[in-house]
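Student: Sharing a structure with you now.
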Amino acid sequence: MTAPLRKVDIDAPLTVNKARACAVIGISPARFDDWRRRGILPPPIAGTRQWSLAALRRAIDDAGADSPEDEAEAALRRWEDSQAS
């Protein structure tokens, strides 16, 4: 028995450049570079300046609640609280 074909949105890109990746993820280019240096986000596809959307989504899903952005926001809140005292 043959598996049924899945409907695929042929207009959706499989890869994006850095600017589009930042927009999709919702972070600044500087944060993108930081996350790349820290190994949170994958490298671009070999020989290109394009990122796989699937790889980016997996990386964000893997980061989960322990993402560096959450840690930074928590640290900022602690510092603000300490300054208010």
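Where a number appears in this text, it was derived from the coordinates with a stated rule and is not lab data. Because the structure is predicted, anything quoted here is derived from the model rather than measured. Here the Cβ positions follow ideal geometry from the backbone for every residue, glycine too, while neighbour counts run over all protein chains shown.
Student: How would you rank 37-48, 22-33, 73-84, highest first, on the average number of other Cβ atoms within 10 Å across their residues?
Tutor: In descending order of packing, they fall as 22-33, 37-48, 73-84.
Student: May I pose another question? 7 Å from Cα along Cα→Cβ at both ASP33 and SER52: what's the point-to-point distance in nm?
Tutor: Each label point lies 7 Å from its Cα, and together they span 2.6 nm.
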